[in-house]
Amino acid sequence: MRAMKRIVILISGRGSNMAALLQAASAEQWPAQVVAVISNQANAAGLATASAAGIAARVVEHVAYPDRAQFDQALSAVIDAYAPDLVVLAGFLRILTPEFVEHYHGRLLNIHPSLLPSFPGLDTHRRALEAGVKVHGATVHFVTPELDHGPIIEQATVPVLDTDTEDTLASRVLEQEHVIYPRTVREFIEGRYALVAGRVVRHPV
Ligand code: GRF
């Protein structure tokens, strides 16, 4: 039997992508287990969801550290205690140091609520409406030191409707996030693609 892969998920808030991952991992019987969920915010709603699912829910508060480097070191120490094969950012609202990102090179994924390279950063749905784009969506990518710029693994598109508000557009995108994130994480676990020389290389099934 293949060894179970180990996944650590980092969150800062609601945790709906984390919940979608937990759900898929158990329903689809992934050859992987989520071994910990870690939040930089003690009041993140997703922590209760993780605990209820029987998963270690840890808090490493960034405000307890004097600078970004020391927070990232503390966070790494907690993550590495779980010996993960993959670290998944799911609404983790902290900019990470290049040292942190390098340490998890090729095994650090993020989901971003826009079609990168359009709209990196915050308020993506408002900015998409303001720009008048007709297509919007979400992107799963490997994390590199430059914020929201890593090699793209998968994207999902949604139409932007004339009647859309920030909220309606956000919820249509979120629905797609909950489809593509579990799928790409599962494919990573199955070794279907990897980061090779800065590009995503797919392996035949
Ligand atoms: C999602 O839109 C995700 O793309 C972005 O932050 C949001 C997190 O939502 N990175 P949730 O905490 O997963 O519900």
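Residues are listed down the side, and each one gets a yes or a no for (1) in contact (Cβ under 8 Å) with a residue 24 or more places away in the chain; (2) more than 28 Å from Glu175 (Cα to Cα); (3) part of a helix (DSSP H, G or I):
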residue: Asp72; (1), (2), (3): yes, yes, yes
residue: Glu99; (1), (2), (3): yes, yes, yes
residue: Pro117; (1), (2), (3): yes, no, no
residue: Glu130; (1), (2), (3): no, no, yes
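Residue count for segment 1-39, restricted to those that are in a loop (DSSP other than H, G, I, E, B), within 15 Å of the ligand (Cβ to nearest atom) and more than 14 Å from the chain's Cα centre (by Cα): 0. All of Thr144, Thr157 fail the test of being on the phi < 0 side of the Ramachandran plot, part of a loop (DSSP other than H, G, I, E, B), touching a residue at least 24 places away in the same chain (Cβ under 8 Å) and among the hydroxyl-bearing types (Ser, Thr, Tyr), apart from Thr144.
The set of residues in segment 119-128 being of a type outside the set (Lys, Arg), farther than 17 Å from Ala90 by Cβ and part of a helix (DSSP H, G or I) consists of His125, Ala128. Contact map, segment 7-24: first residue farther than 18 Å from Val179 by Cβ, second residue within 6 Å of the ligand (Cβ to nearest atom) and part of a loop (DSSP other than H, G, I, E, B), Cβ cut-off under 6 Å, separation 6 or more or different chains; pairs are Ile11/Ala90; Ile11/Gly91; Ser12/Gly91; Gly13/Gly91.
None of Phe71, Phe92, Phe100 is more than 23 Å from Phe188 (Cα to Cα) and modelled with pLDDT of 95 or more except Phe71.
The values are calculated or read from the model by the stated rules, or taken from the named source; none is laboratory data. Because the structure is a prediction, the values reported are computed rather than measured. Because the Cβ atoms are built from the backbone with ideal geometry, glycine has one as well, and the counts that use them run over all protein chains shown.
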